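Below: the structure, in structure tokens.
The values are calculated or read from the model by the stated rules, or taken from the named source; none is laboratory data. Worth saying up front: this structure is predicted, and the values here are computed from it rather than measured. Positions of Cβ are backbone-derived with ideal geometry, glycine not excepted, and every protein chain shown enters the neighbour counts. Accessible surface areas use protein heavy atoms only, side chains included; no ligands, DNA or RNA. Shrake-Rupley method; radii C 1.70, N 1.55, O 1.52, S 1.80 Å.
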Amino acid sequence: MNTSAGEKARWRVEGVVEASAERVAEALLDIRPGQAGVDGNALVLAAGDHGREGDAVTVEGGPDKFVARWGGSGEDYLELSVDRAARTVTVQTWFGGTYAVEPAGGASRVVLAVHNLVPNSGRLGRKVAELGVESRLERVLTAVLAAVAERVGAPAPAPARTTAV
């Protein structure tokens, strides 16, 4: 996985779900083999960009490292790594980053820390990907927050916001 998670995040997006960190982490970290979105499986994929692409996303592997495939050939894929003790999910898709759940009083803060964009695409590809990246990451996390809130029976959350890194 090429998330460069050991490096400092370049972008940080966060939002709040009005439910305990335990409940939010349980929903966010619910990743298992099968189709994303079914019975809450892999909400980070089903609610994020890949859920809107129209193709079913199938998750393989486990219990902590997964590959998710979509498209007719199955050649299109991304990688996920789950750390249940740390309450994190690391993804490598068009961005490499980590979703983390933190207690925030009686609610939960969900943070998406992004370390890289379109790895292996060259400098020009990365520069193009950076155009409007904050708003795109905010849309991705807002969709994930809404899916998690629905899954745990919490009120609809406010939109995610980019914060200083």
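Scan the stretch 117-134 for residues that are open to solvent by 50 Å² or more (accessible area, probe 1.4 Å) and modelled with pLDDT of 75 or more and jot them down.
Selection gives 134 alone.
Determine which member of the set 111, 101, 152, 148 is in contact with a Phe, Trp or Tyr (Cβ under 9 Å, 6 or more places away or on another chain), closer than 28 Å to residue 40 by Cβ and modelled with pLDDT of 75 or more.
Matching residue, one of 111, 101, 152, 148: 111.
Mind listing whichever residues of the stretch 24-39 are farther than 15 Å from residue 69 by Cα and in contact with a Gly (Cβ under 7 Å, 6 or more places away or on another chain)?
Answer for the stretch 24-39, where residues must be farther than 15 Å from residue 69 by Cα and in contact with a Gly (Cβ under 7 Å, 6 or more places away or on another chain): 27, 30.
I'd like to know if the stretch 85-103 contains one or more residues that are open to solvent by less than 10 Å² (accessible area, probe 1.4 Å), within 27 Å of residue 155 (Cβ to Cβ) and touching a His at 6+ places or on another chain (Cβ under 7 Å).
Yes; the residues of the stretch 85-103 include at least one that is open to solvent by less than 10 Å² (accessible area, probe 1.4 Å), within 27 Å of residue 155 (Cβ to Cβ) and touching a His at 6+ places or on another chain (Cβ under 7 Å).
I'm checking my understanding of the structure. Among residues of the stretch 10-35 that are assigned to a loop (DSSP other than H, G, I, E, B) and at pLDDT 90 or above, which one is nearest to residue 158 (Cα to Cα)?
Among those residues, the one meeting the criterion is 18.
Can you find, within the stretch 68-78, the residue that is modelled with the lowest pLDDT among those that are in a strand (DSSP E or B) and open to solvent by 50 Å² or more (accessible area, probe 1.4 Å)?
So the residue we want is 76.
So that you can scan it fast, the table gives a plain yes or no per residue for (1) free of Cβ contacts under 8 Å to residues at least 24 places away in the same chain; (2) surrounded by fewer than 20 Cβ atoms within 10 Å (Cβ to Cβ); (3) under 14 Å from the mean Cα position of the chain (by Cα):
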site	(1), (2), (3)
23	no, yes, no
28	no, no, yes
44	no, no, yes
56	yes, yes, no
62	no, yes, no
66	no, no, yes
